[in-house]
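The values are calculated or read from the model by the stated rules, or taken from the named source; none is laboratory data. Bear in mind the structure is a predicted one, so any value in this text is a computation, not a measurement. As a convention, Cβ positions derive from the backbone with ideal geometry for all residues, glycine included, and neighbour counts pool all protein chains shown.
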């Protein structure tokens, strides 16, 4: 058998260590989800629960937290945000990347500025506005502020710039309108960029606590992280086993989705040009 | 009435003039090659014709109809692109069907799902499928119709691109270096095929290329464009044998024409033994003498011609290219010789360089061709 070079062993060890450090909290969360109350509060730190308490903790989580509502809200909010972001960003990025118009320069500056301003800076005025419109505690208030994503515009812009101009010329000669070009040529070839953006968007908004915390005060519209917070504050108190079980349930959809579509996601991120 | 007329087309980008007033007529059924070095404005001209770009001034007429208010899609001008520009997500068959679908189906009939329920669209789609198959048969790509561009070779993609352009029976055909992405063997083969297709379809064609051999071998007439100016539009043999401008002479022909500086004095050009009389009045001063390499002979004995030295010999099979330098003036002269003429030559040897005075062409200081007295120049044997 060939001996493995030392450099490779060191590299592998370093990478494994890094992976372990990143994964450790998650693993500890899984472990805690299976422990009894007394087990959690013992002074000794062990990964393997003394008594497997998974079933009881999950049962408690499902009983005390409206899990289905939380997950459904998460799906609706993330889905709507992603849908509107793509619908707005693709035509916008197409126009900025491929059409010549006088405001193009100005728009580029605005996009750059938009990238620099975080939601936290505009949170208060937005809150006041939604309050005046009586839109607090609604899907609208959860979705609307994120429908125009400058990040998406910026990302699609880079991707569209790499698309050959001849393709658009051919489409125009074939009789397509600009909207037709977006629908029939740009979108079908933009899937790699759209999947890549989907990860960023869905992960960010599924895990977002800040904005839901501001505009939602009713359980019915709570997104998963917000729902968990209510659960911790009101119901569970110090029942960390059940809390971790609930957390596990909430993070599971993202983990599962990533594992299932891993290949496509990596493709999407690495693939910037079109294969001819 | 010409099939296509361009009148004084001008275009500049940010102060750089790309087209300096180009005028051109393409007659019905004609194949015109637009040739010139990269950056001479030929692709810009093609884009303006297709309606993808706008000229700063000038007019375009197709069969006498002014095209300036007409959108690209309605000009009925088809174009084949250098990169083929096939839609990567559609199969070859779908690619070819796109222009027909855009033309024959209404906006609502083109919608996915809903469109397929509307009345009347089924017959149209059957018609489109029929036309696509017919065109595929003509170009021998029937077996490729279900493949996507990514699964085809360069030559196959080029045929699909041709089919997509031809399928809607355009009134003008534009081709933008359609062969330059093919390998050398395939390119020569594809030249013949395009000429053949053109003869069968009879659609007036404007073919852009930077390859002078491609232009001369394919076209009925060749338009040489250099630096945004159309310098000459003529049949291939006229372009080669009777260039109107020094740049045309330089651009056409391989190896390049020999250009030797000379002086005009009292209506005659003087260079060593060559003293042709000029028919046009030219002020005394520098002019250029052009002689094609096939009219330069080398005398190994050095007894006749101008004293010179062979710097380099290139053996090309059917011919030998000899690069020489003249002792007296230091000018470099290239000779194209038959292998048997070159048998005794070796690089570095002294030779006599014999320039055929009757084949010399004279160009003025601005590059314009100057006519010389009859008798001084004969029509060359066909090469």
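Some values worked out for this structure:
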read-out	value
Subset of the range A:148-164 [over 30 Å from residue B:161 (Cβ atoms) and assigned to a helix (DSSP H, G or I)]	A:150, A:151, A:152, A:153, A:154, A:155
Flag for residue B:142 being within 14 Å of chain A (Cβ to nearest Cβ) and closer than 27 Å to residue B:205 by Cβ	no
Filtered residues of the range A:147-186 (kept if within 7 Å of another protein chain (Cβ to nearest Cβ) and touching a residue at least 12 places away in the same chain (Cβ under 8 Å))	A:164, A:167, A:185
Residues (modelled with pLDDT under 90 and buried (at least 18 other Cβ atoms within 10 Å of the Cβ)) located in the range B:299-310	B:305, B:306
Yes/no for residue B:50 being touching a strand residue (DSSP E or B) at 6+ places or on another chain (Cβ under 6 Å) and within 12 Å of chain A (Cβ to nearest Cβ)	yes
Among residues of the range B:98-107, those that are surrounded by fewer than 18 Cβ atoms within 10 Å (Cβ to Cβ) and facing another protein chain (nearest Cβ under 7 Å), counted	1
Failed item, numbered, when residue B:40 is tested on (1) more than 14 Å from chain A (Cβ to nearest Cβ); (2) surrounded by 18 or more Cβ atoms within 10 Å (Cβ to Cβ); (3) out of contact with any helix residue (DSSP H, G or I) (no Cβ under 9 Å at 6 or more places or on another chain); (4) closer than 23 Å to residue B:162 by Cα	(4)
Test result for residue A:214, within 14 Å of chain B (Cβ to nearest Cβ) and part of a helix (DSSP H, G or I)	no
Wholly enclosed strands (runs of 3 or more DSSP E) of the range B:197-247 bearing at least 1 residues without any contact (Cβ under 8 Å) to a residue 60 or more places away in the chain	B:229-234
Residue B:174 crowded, with 22+ Cβ neighbours inside 10 Å, touching a strand residue (DSSP E or B) at 6+ places or on another chain (Cβ under 7 Å) and within 30 Å of residue B:28 (Cα to Cα)	yes
Meets criteria (surrounded by fewer than 20 Cβ atoms within 10 Å (Cβ to Cβ) and either in a helix (DSSP H, G or I) or at pLDDT 90 or above (or both)) for residue A:167	no
Failed criterion for residue A:200 (all others in (1) part of a helix (DSSP H, G or I); (2) within 14 Å of another protein chain (Cβ to nearest Cβ) hold)	(2)
Search result, residues across the range A:74-85 that are under 14 Å from the mean Cα position of the chain (by Cα) and crowded, with 16+ Cβ neighbours inside 10 Å	A:74, A:77, A:78, A:80, A:81, A:82, A:85
Those residues of the range B:53-75 which are under 21 Å from residue B:1 (Cβ atoms) and within 13 Å of chain A (Cβ to nearest Cβ), in sequence order	B:70, B:74, B:75
Single residue of the range B:109-136 satisfying the filter (in a loop (DSSP other than H, G, I, E, B) and either within 13 Å of another protein chain (Cβ to nearest Cβ) or in contact with a helix residue (DSSP H, G or I) (Cβ under 6 Å, 6 or more places away or on another chain) (or both)) that is farthest from residue B:78 (Cα to Cα)	B:112
Subset tally (residues that are surrounded by fewer than 14 Cβ atoms within 10 Å (Cβ to Cβ) and free of Cβ contacts under 8 Å to residues at least 40 places away in the same chain) for the range A:86-109	9
Qualifying residue in the range B:264-278 (condition: under 30 Å from residue B:10 (Cβ atoms) and touching a strand residue (DSSP E or B) at 6+ places or on another chain (Cβ under 6 Å))	no
In the range B:300-329, the residues that are over 33 Å from the mean Cα position of the chain (by Cα) and outside any strand (DSSP E or B)	B:300, B:301, B:302, B:303, B:304, B:305, B:327, B:328, B:329
Those residues of the range B:256-288 which are loosely packed, with under 12 Cβ neighbours inside 10 Å and part of a strand (DSSP E or B), in sequence order	B:261, B:285, B:286
Enumeration of residues in the range B:76-97 that are within 13 Å of another protein chain (Cβ to nearest Cβ), crowded, with 21+ Cβ neighbours inside 10 Å and not in a loop (DSSP other than H, G, I, E, B)	B:77, B:78, B:79, B:80, B:95, B:96, B:97
Given (1) surrounded by 22 or more Cβ atoms within 10 Å (Cβ to Cβ); (2) not in a strand (DSSP E or B), number of the condition residue B:68 does not satisfy	(1)
Only one of B:33, B:28 that is surrounded by 24 or more Cβ atoms within 10 Å (Cβ to Cβ) and modelled with pLDDT of 90 or more	B:33
